[in-house]
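Encoded as structure tokens, the structure appears first; notes follow it.
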Amino acid sequence: MRQAQRLRHLIAASTLAFAATAQAGTVTVAADAFGYANGALAGQIGGSGWTSAWGSKGGAPSVNGSGLVFAGNNNNAAYRSLGTQTSDIVVKFTLSVSGAPQNNDFLGLWFDNESTSDHLDVPNIGLKGNCGTNCSGGLDVFVRTTGTAGSFTSPITPNIEYTIFGLLQKTGSATVYNKFSVWVNPTGGEMESFTGADAVATGLSSLSSFNTIGFRTANLSDNLTVRVDNLSVSAVPEPASVLLAGMGLLAAGAASRRRRA
């Protein structure tokens, strides 16, 4: 009897542990460290989890040392396909600029199902100098679910590399992505717990799923280049997955009891 009780307690504790760590247990679905030889990005197939090579419609970045260097402007400066994603998503990359961002210097990483539009009705995250126009403190990092506005944080100092960490979610009863949070230089604890976001944008996007990501650049000043490196996209386990894991533990425990009986 006592052994059965201990097993039930262990199963309950394990299920709670699965729930508590679900956020930390993200699954990387695509990543690229851009370790290519110097030159053009278009056509490169490195990294993992992708279903296409990198493409560009213009304003293409170059590969220079480590990372992508953007100097031109295009809605689809660089893009790549991956498997269709429907769950909450974590995106992470590093960002640096060669000069002081001016009003509306823009580089956004977008999420979509195509690579031909301006991607204004879908989630974006990245750089938008001085909130697009002058704003208090010169905030330069932005996040948005749709439109041309968004939420802002953190001035960008030239030649300093920043880690950008974003959490894209469907919250409440929404069937489309409707919340995008960003952290700049997050701590390990923040990345595991998804707490302490520096800026949060809400609003219904047009996306219930996506299979393409890419970079849109606009209004980049002549003396400004933007470097992006170490890009990764990860899926956040659905709550149902955590429940199934707990049920699996329960089934294993029941089977063990039957064998002992």
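Pull out a ≥ b ≥ c, the square roots of the eigenvalues of the alpha-carbon gyration tensor of segment 117-210, then state rounded if a/c is under 1.5, prolate if not and a/b is larger than b/c, and oblate in the remaining case.
Oblate, because a/c is 1.5 or more while a/b does not exceed b/c.
Checking the a/c ratio against 1.5 first, then a/b against b/c, what shape does the Cα gyration tensor give for segment 27-260?
The shape class here is prolate.
Expressed in nm to one decimal, what extension gain is obtained for the pair Gln102 and Leu120 from 0.36 nm per residue of sequence separation less their Cα-Cα distance?
4.4 nm
Multiply the residue separation of Ala53 and Thr195 by 0.36 nm, subtract the distance between their alpha-carbon atoms, and state the gained length in nm to one decimal.
So the chain would gain 47.7 nm between Ala53 and Thr195.
Enumerate the amide H contacts of Val29 below 5 Å, restricted to partners 5 or more residues apart or on another chain; note that Pro and chain-start residues carry no placed amide H.
It is Val233, Ser234, Ala235, by chain and number.
Please list the non-local residues whose amide H lies under 5 Å from the amide H of Leu207, H modeled 1.01 Å from N, same-chain partners needing a gap of 5 or more.
Tyr177
Estimate the FRET efficiency between Thr133 and Ile160 by the formula 1/(1 + (r/R0)^6), using the beta-carbon distance for r and 22 Å for R0, to the nearest 0.05.
0.40
Describe numerically, in nm with one decimal, the distance between label points set 7 Å from Cα along Cα→Cβ at Asn64 and at Asn113.
It is 3.7 nm.
Each residue of segment 38-53 in turn: what ³J(HN,Hα) in whole Hz from Karplus with 6.51, -1.76, 1.60 and θ = phi - 60°, glycine and Pro shown as x?
These are the phi-based 3J(HN,Hα) values: 3, x, 7, 7, 3, x, 6, 10, x, x, 9, x, 8, 10, 8, 7 Hz.
Under the Karplus relation 6.51 cos²θ - 1.76 cosθ + 1.60, θ = phi - 60°, what is the ordered set of whole-Hz ³J(HN,Hα) values for segment 75-81, x standing for Gly and Pro?
4, 10, 5, 7, 8, 7, 9
Name the residues whose placed amide hydrogens come within less than 5 Å of the amide hydrogen of Ala199, ignoring near sequence neighbours (fewer than 5 apart) on the same chain.
Under 5 Å from the amide H of Ala199: Val182.
Quick note: the coordinates plus some simple rules give every number you see, no bench work behind them. Remember, predicted model here, so these are calculated numbers, not experimental data. A quick note on method: Cβ atoms are made from the backbone with ideal geometry, for glycine too, and the neighbour counts reach across all protein chains shown.
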